[in-house]
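Enquirer: Submitted below is the structure of interest, expressed as structure tokens.
The values are calculated or read from the model by the stated rules, or taken from the named source; none is laboratory data. In this text the structure is predicted, and so the values were computed from the model without any measurement. Backbone-built Cβ (ideal geometry, glycine too); neighbour counts: all protein chains shown. Just so you know, the surface numbers come from the protein's heavy atoms only, side chains and all, with ligands and any DNA or RNA stripped out. Shrake-Rupley method; radii C 1.70, N 1.55, O 1.52, S 1.80 Å.
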Amino acid sequence: MQLSTLNFGILLVYWIDYGFSAQTASYSWRAPVILQCAFLFPMLVLLLLVDETPRWLAAHDHHDEALDVLRRLNHGKIPDSDILALHEDIIRTVAVEKAIGAGSWKDLLKNDKIQSQRRFLIACAIQIFQQLGGINAIIYYSGTLFEKSVGFSPHMSSLMSGFLQTWFFVASFIPWFLIDRIGRRPLLLSMVSVMAAVMVVQTALIYQVQNSTSIAHQCGIAAAAMLFIFQGAFTIGFQATVWVSLRQTQ
């Protein structure tokens, strides 16, 4: 759900940009920037209204507040006796962690029974590799890629960017049904292989476009299709498995 929400925001921004792409006045870029900033103010207000987590409250000796938050979170979902038991379990866990000196950032680098160091390093490495794959360059500069590399007109580039990010959002629902059936590792490795293959093919296609060969037009269309395949493979494999892995590591 989180990654689909993220991709929906990207989709929304690109279609807003497309709506202003035909304008030449300064508001054609000022309005999209202002609209993006407008979302920040409700978020700042919400931050003032959202409570701390029950675990944080318990760790800082606010036990009554922790119980109150648990009751509001689970009101009507589980009996009050279960909420009290959950509250006591959190307090006991926090007490044990304090007694053994756990909870430090240094614990992430220790080789303990739950392999915290290994899990932490895997989570960091996979996030690094995600960025090195070039996805942000494609998301941020898809309009430029369609125009300068693929050879589309400015209007067509803006339109294709909107379609690309719409597909990015739609494709983010696919791993909802695959990740538990196929598994994170097979899904990640297979989609990374697809992304690598796309980059190889894309290199040959863009070469034809940049050198204006006899098949440059057809190669430009194929290169545009490769961007759709790349982003689809990324959100199905890399993006989905990274988010799930990080949540489980935490």
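Enquirer: Name the single residue that is modelled with the lowest pLDDT among those in the stretch 1-12 being part of a helix (DSSP H, G or I) and open to solvent by 50 Å² or more (accessible area, probe 1.4 Å). Talk me through it step by step, then tell me what you get.
Expert: First, the residues of the stretch 1-12 that are part of a helix (DSSP H, G or I): 2-12.
Cutting the leftovers down to open to solvent by 50 Å² or more (accessible area, probe 1.4 Å) gives us 2, 5-6, 8, 12.
Numbers: 2: 75, 5: 84, 6: 84, 8: 88, 12: 87.
Ranking the qualifying residues of the stretch 1-12, first place goes to 2.
Enquirer: Among (1) of a type in the set (S, T, N, Q); (2) in contact (Cβ under 8 Å) with a residue 60 or more places away in the chain; (3) under 30 Å from residue 20 (Cβ atoms), there is one condition residue 127 misses while meeting the rest; what is its number?
Expert: Residue 127 satisfies every listed condition except (3).
Enquirer: May I pose another question? Being open to solvent by less than 60 Å² (accessible area, probe 1.4 Å) and on the phi > 0 side of the Ramachandran plot is the filter here; which residues of the stretch 71-122 pass it?
Expert: Across the stretch 71-122, the qualifying residue is only 101.
Enquirer: Does the stretch 21-42 contain any residue that is over 30 Å from residue 91 (Cβ atoms) and touching a residue at least 24 places away in the same chain (Cβ under 8 Å)?
Expert: Yes, that holds for at least one residue.
Enquirer: While we're on this one: Residues that are among the aliphatic types (A, V, I, L, M), at pLDDT 90 or above and within 18 Å of the chain's Cα centre (by Cα): does the stretch 196-206 have at least one? Outline the logic, then answer.
Expert: Residues of the stretch 196-206 among the aliphatic types (A, V, I, L, M): 196-201, 204-206.
Filter once more, so that each one left must be at pLDDT 90 or above: 196-201, 204-206.
Then drop every residue that is not within 18 Å of the chain's Cα centre (by Cα), which leaves none.
Checked the stretch 196-206: no residue is among the aliphatic types (A, V, I, L, M), at pLDDT 90 or above and within 18 Å of the chain's Cα centre (by Cα).
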